[in-house]
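Undergrad: Mind looking over this structure? Questions follow.
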Amino acid sequence: MGRQLAMVMDLNKCLGCQTCTAACKTQWTNRDGREYMYWNNVETRPGKGYPRDWMEYGAGWSPEGALRIGELPDIPGDYGIPWDFDHAAVAGGGVLTADSEPEWGPNWDEDVGEGEYPNAYYFYLPRICNHCTKPACLFACPNKAIRKREQDGVVLVDLKRCKGAMMCIRACPYKKVYFNPSRARPAEGIPGQAEKCILCFPRIERGLPPACARQCVGRVRWVSYLDDREGPVHKLVRKWRVALPLRPDFGTQPNVYYVPPLSPPRLDEEGRPTGEPRIPPAYLKKIFGPEVETALATLKAEMEKKARGETSELVDILIAYRHQEMFKL
Ligand code: SF4
Ligand code: SF4
Ligand code: F3S
């Protein structure tokens, strides 16, 4: 088995600014049938996400190890049709063009969350392709058009082979493969082709971190090889075990990991903290798996140590004093 480059994102630091989204969009998907695509998106949780209700398409691997080809989202309806602004009228407050009546879009439910005041809660969840160890997209393609690179585990679509079968889009439980209809070749019966996050491999090959990670103003993202014991990803995932995969039950063995969100306490009727976490532990368990409790306990214990003036390697990594030290390529 080859090496695996992996990413950790700290959800306690993500401020939902979408700088990562803009970095990716302007670099890779700003035109030519990619208008509706966000290889990197940041969604509010609890919420429907992007595409709408992406966790509910029945895709990935069954507990018995069978590949589940899920449903296909409505393209682009479940993602959101990019709408146009009448730029001439922007001085009047920004007006949508007459034929543009959006009913859904990425971040339609931004900052909505759940719970009643004073116990409302939400957190941001940035998402890219997980460059999975057992990529459902790769196994689903009838044309062997998806491959995983030996040297870094990056999962790529081979556009010379892709015939637009769309099985990859159905099988990816994270819905991180997109369909580009502008790559259609009608004479060959090809309706379009699949496109997805490439982990910025042209940057990686020059020793640079992915654009979404490099541009992140919250210093949320670490990138290094999983087997590099001195790298930040190995330390956060394997040594400290505070970074967990998203929906591990989907069975694809994702290589993007998340430091789960700590909760503010629930308040009682008098506004006093009850000691209960505001984000329901069952919700976090559903999203990050059963290890989330231990991860949160480790985080709290190390933060308390640091607050007492003791040293904590974990907290120092999480603070990320120097941005450059977040990447080891
Ligand atoms: Fe494939 Fe989806 Fe995994 Fe990315 S997240 S490697 S598209 S299965
Ligand atoms: Fe986009 Fe690169 Fe981030 Fe992938 S790694 S989401 S291609 S910026
Ligand atoms: Fe295969 Fe997906 Fe293309 S299933 S043929 S990579 S659209």
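Undergrad: Rounded, prolate or oblate: which fits the range 189-329 when a ≥ b ≥ c are the square roots of the eigenvalues of the alpha-carbon gyration tensor, with rounded for a/c under 1.5 and prolate only if a/b beats b/c? Let's see the in-between values first.
TA: Numbers: a/c = 2.18, a/b = 1.41, b/c = 1.55.
Oblate, because a/c is 1.5 or more while a/b does not exceed b/c.
Undergrad: Can you give the accessible area per residue of the range 5-328, in Å², using a 1.4 Å probe? All intermediate terms of the calculation are to be shown ahead of the outcome.
TA: Details: 15630 Å² over 324 residues.
Normalised by residue count, the accessible surface of the range 5-328 is 48 Å².
Undergrad: Would you mind getting me the FRET efficiency between ARG147 and MET303? Use the beta-carbon distance for r and R0 = 56 Å, nearest 0.05. Provide the component values of the computation, followed by the final result.
TA: Working: r = 42 Å, r/R0 = 0.74.
About 0.85, to the nearest 0.05.
Undergrad: Test of understanding: what is the full-extension gain from ARG322 to ALA282, defined as 0.36 nm times their sequence separation minus their Cα-Cα distance? Please report the intermediate quantities before stating the final value.
TA: Numbers: separation 40, 0.36 × 40 = 14.40 nm, distance 3.48 nm.
Residue separation times 0.36 nm, minus the Cα-Cα distance, leaves 10.9 nm.
Undergrad: Please report, as a whole percent, how much of the solvent-accessible surface of the chain comes from carbon and sulfur atoms (probe radius 1.4 Å).
TA: On the way: 8350 of 16070 Å².
The nonpolar share, carbon plus sulfur, comes to 52 percent.
Undergrad: How many times 2.2 N^0.38 Å is the alpha carbon radius of gyration of the chain?
TA: Values: Rg = 20.6 Å, N = 329, 2.2 N^0.38 = 19.9 Å.
Here the answer is 1.03, to two decimals.
Undergrad: Right, here's the next one. Taking springs between alpha-carbon atoms closer than 10 angstrom, which of VAL259, VAL177, VAL315 fluctuates most in the Gaussian network model of the chain?
TA: VAL315
Undergrad: Got a sec to turn the phi values of the range 110-119 into Karplus ³J(HN,Hα) couplings, 6.51 cos²θ - 1.76 cosθ + 1.60 with θ = phi - 60°, whole Hz, x for Gly and Pro?
TA: These are the phi-based 3J(HN,Hα) values: 4, 6, 7, x, 9, x, 9, 3, x, 10 Hz.
Undergrad: Treating each Cα of the range 1-49 as an identical point scatterer and ignoring solvent, apply the Debye formula and state log10 I(q)/I(0) at q = 0.14, 0.20 Å⁻¹.
TA: -0.50, -0.84
Undergrad: Where does the longest stretch of the chain lie that holds no chymotrypsin sites (Phe, Trp or Tyr not before Pro) found in a DSSP loop with 15 or fewer other Cβ atoms within 10 Å? Could you put the intermediate results ahead of the total?
TA: Details: sites that count: TRP83, TYR321.
It works out to 84-320.
Undergrad: Pairs of alpha-carbon atoms within less than 8 angstrom and 6+ residues apart define the contacts here; what relative contact order does the range 1-159 have, in percent?
TA: Across the range 1-159, relative contact order equals 29 percent.
Undergrad: Only helices at least 18 Å long along their axis, Cα-based, and averaging -1.0 or more on Kyte-Doolittle count here, so list those DSSP H runs from the chain.
TA: Numbers: long enough: 292-307 (22 Å, -0.17).
Long hydrophobic helices here: 292-307.
Undergrad: Using 7 Å Cα-to-Cβ label points, what is the LEU67/ARG241 separation (nm, one decimal)?
TA: Between LEU67 and ARG241, the simple spin-label model gives 3.3 nm.
Undergrad: Can you tell me how much longer the chain between GLU230 and TRP83 gets when fully stretched, taken as 0.36 nm per residue apart minus their C-alpha distance, in nm with one decimal?
TA: Numbers: separation 147, 0.36 × 147 = 52.92 nm, distance 4.58 nm.
Extending this stretch completely gives an extra 48.3 nm.
Undergrad: Can you tell me the length gained on complete extension of the stretch GLU291 to GLU35, counting 0.36 nm per residue apart and subtracting the Cα distance?
TA: Details: separation 256, 0.36 × 256 = 92.16 nm, distance 3.73 nm.
My answer for the length gained is 88.4 nm.
Undergrad: What residue among PRO51, PRO260, PRO142 has the largest mean-square fluctuation in a Gaussian network model of the chain, using Cα springs under 10 Å?
TA: Comparing PRO51, PRO260, PRO142 in a Gaussian network model of the chain, the most mobile one is PRO142.
Undergrad: Specify the residue with the greatest mean-square fluctuation among HIS87, HIS234, HIS131, computed from a Gaussian network of the chain linking alpha-carbon atoms under 10 Å apart.
TA: HIS87
Undergrad: Please give me, ordered by residue number, the trypsin sites (Lys or Arg not before Pro) of the range 147-195 that lie in loop per DSSP and have at most 12 other Cβ atoms within 10 Å. Provide the component values of the computation, followed by the final result.
TA: On the way: sites: ARG147, LYS148, ARG149, LYS160, ARG161, LYS163, ARG170, LYS175, LYS176, ARG183; in loops: ARG149, LYS160, ARG161, LYS163, LYS175, LYS176.
Sites meeting the loop and neighbour criteria: LYS160.
The values are calculated or read from the model by the stated rules, or taken from the named source; none is laboratory data. None of these values were measured; they are calculated from a predicted model. Reconstructed Cβ throughout: ideal geometry from the backbone, glycine too, with neighbour counts over all protein chains shown. Surface areas here come from the heavy atoms of the whole protein model, side chains and all, with no ligands, DNA or RNA. Shrake-Rupley method; radii C 1.70, N 1.55, O 1.52, S 1.80 Å.
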